[in-house]
Amino acid sequence: MLQLEFLDYDLGQIMGYFANEWIVGWVLIITGILAAAWLFETITDPIPILGSIFDIIKVLGTYLGFFVGALDILVGYVVWVTQPSAVIVAGVLILAGFSLTMRILSKFPLGFVFALAVAIFVTFTIYGVLAPYANEAVVGPTITQIISLKWMAVIGVIVFAIAYSLGGFLLSLVSLLGKIFSATPVSIIIGLACIGVGIVVLVMPDLVGIVTPWIPPPLP
């Protein structure tokens, strides 16, 4: 029987795996290639094979970038926790992660998605709390009315409106920042910075504050 031992790892063990300058360096370089794919595709376009490779990377970058961006944020946090002096490395990773993930997220109406998620969560929570009391002699009829589809829908709409009003501005601001940081010129700059910092991490990690050998302390 196939056993997936990695499923038994706790979060600290998984995060500790990334506490390595070689892994951090290559994560930065791969991130940089994805972020600056448009530039590399333009430069290598006259070269048949290489140009085709970067054409593919450019097309897949938007979708792969979301997952790589999430990984960047995780690795950036690991660097920040385990290497307090490597602020530049952690900052570039987190900034690149935000830029890549927002390529996808900025295409969605975040305020609407957030409010809908809150409305669904609150509505189902109210139903779960009240449903056991539906058979009570005193409050049963009232509870039955409240947990009916009609009133659950009303509650959901009210919660949605409140959540959308309160969170809409903040999420709109985050979405605007995401569009700025995921724009092609900014993305290229971030990508080149990632590649540069990644090479430094691989060649001279102490220059950016990474102390080797990297012995990470216990992570939460």
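Any read-out appearing in this document is the output of simple, stated calculations on the displayed coordinates, not a laboratory observation. Quick caveat, the model's predicted, so the values are computed rather than measured. No Cβ is skipped: glycine too gets one built from the backbone with ideal geometry, and neighbour counts run over all protein chains shown.
Computed quantities for the displayed model
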read-out	value
For region 190-205, Karplus couplings with θ = phi - 60° (6.51, -1.76, 1.60), whole Hz, Gly/Pro x	4, x, 5, 5, 4, 5, x, 5, x, 5, 4, 4, 6, 8, 9, x
Least to most buried among Lys150, Lys179 (fewest other Cβ within 10 Å first)	Lys150, Lys179
Highest average packing first - 191-204, 118-131, 25-38, Cβ atoms within 10 Å	25-38, 191-204, 118-131
